[in-house]
Amino acid sequence: MRFILVRHYRTVNNETRRIMGWGDAPPAEDWETDVAFVDELLSKRAIHFDAYYSSALARSLETARYFAAKRGCTQVHAAPQLNEVNYGALFQQSKQWVEESYPEYKTDPDFVFPQGESFRQMQRRSVDFVLSLQRTHPDDTLLVVAHAGVIRGLISHFLSLDFASNLKRKVSHRYVGELVIEQNLCVFYDEIGRPSGFVKDDVVQIPYRGRSAAAPRPTADGPVARQGGEIMEGLAVLTSGC
């Protein structure tokens, strides 16, 4: 399975540095500049998408629908497993206040936010979902629209990086990642949009080529376990039809 991973459009909260998580915020005034930049990159590469997936949050869904509509399709699958980390009671708080009040923020992946979840829980549910896509779309190319936290979690897992060390890596709204997954392993990773902090900080050399699927692959975060709770019941929800 090959999937192209992008981030949602820029929101007012992104510009004012306020926490969103499972909450949402209106798009920034010039939100379309980033999305159009990504769309042009995808068009120049003439990538054909067999399916479109997004988190269930509005900022991600609307971005995925934009790309799908540009390619003559209105069928977008909404997957809550791809949602940003649930910050719970911290929704709408300024990031500066959160950094001062919770030193575990973006330093401890196992810290559970009040009335929310941990980065590790978010990573496990999103990785688990991507692996399920590999089983249902083994030979397809997918467009996946998600969030900065989810993108960091996926890159850290599939490239065998320590998650705690990479919680603060920059992921632009013009980021475009390309991953090829075979037998639960990432055999290829590249970035064709604005480079992420993983590349800028020389954590990852691109194009990355992983080990053969025939070889066992240890991971820093251990096996992916299905989490309990409502979010893991079922797979993606079809939100509209072509």
Of the conditions (1) in a loop (DSSP other than H, G, I, E, B); (2) surrounded by fewer than 17 Cβ atoms within 10 Å (Cβ to Cβ), Arg135 clears all except one; give me its number.
-> (1)
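Quick check on this structure: which one of Thr11, Thr63 is in contact (Cβ under 8 Å) with a residue 60 or more places away in the chain, among the polar types (S, T, N, Q) and within 22 Å of Gln92 (Cα to Cα)?
Values: Thr11 fails: in contact (Cβ under 8 Å) with a residue 60 or more places away in the chain.
Going through Thr11, Thr63 in turn, just one is in contact (Cβ under 8 Å) with a residue 60 or more places away in the chain, among the polar types (S, T, N, Q) and within 22 Å of Gln92 (Cα to Cα): Thr63.
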Which numbered condition Asp39 fails, given (1) in contact (Cβ under 8 Å) with a residue 40 or more places away in the chain; (2) touching a helix residue (DSSP H, G or I) at 6+ places or on another chain (Cβ under 7 Å); (3) of a type outside the set (Phe, Trp, Tyr) | (1)
Sole miss for Glu15 among (1) at pLDDT below 95; (2) over 30 Å from Leu133 (Cα atoms) is condition (1)
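Residue-by-condition table, conditions (1) small (Gly, Ala, Ser); (2) within 27 Å of Tyr9 (Cβ to Cβ); (3) assigned to a strand (DSSP E or B); (4) modelled with pLDDT under 95:
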| site | (1), (2), (3), (4) |
| --- | --- |
| Val180 | no, yes, yes, no |
| Cys186 | no, yes, yes, no |
| Tyr189 | no, yes, yes, no |
| Arg194 | no, yes, no, no |
| Phe198 | no, yes, no, no |
| Val204 | no, yes, no, no |
| Ala213 | yes, no, no, yes |
| Pro216 | no, no, no, yes |
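For segment 94-116, which positions are farther than 21 Å from Val150 by Cβ and either in contact with a Lys or Arg (Cβ under 8 Å, 6 or more places away or on another chain) or surrounded by 15 or more Cβ atoms within 10 Å (Cβ to Cβ) (or both)?
Residues satisfying the conditions are Ser94, Gln96.
Counting just the residues of segment 44-60 that are part of a helix (DSSP H, G or I) and touching a residue at least 24 places away in the same chain (Cβ under 8 Å), which one comes out surrounded by the fewest Cβ atoms within 10 Å (Cβ to Cβ)? Working first, answer last.
Going residue by residue through segment 44-60, those that are part of a helix (DSSP H, G or I) are 44, 58-60.
Right, trim to touching a residue at least 24 places away in the same chain (Cβ under 8 Å) and you get 58-60.
Values: Ala58: 16, Arg59: 25, Ser60: 28.
That would be Ala58.
The values are calculated or read from the model by the stated rules, or taken from the named source; none is laboratory data. Here the structure is a predicted model, which is why all the values come from computation and not from measurement. No Cβ is skipped: glycine too gets one built from the backbone with ideal geometry, and neighbour counts run over all protein chains shown.
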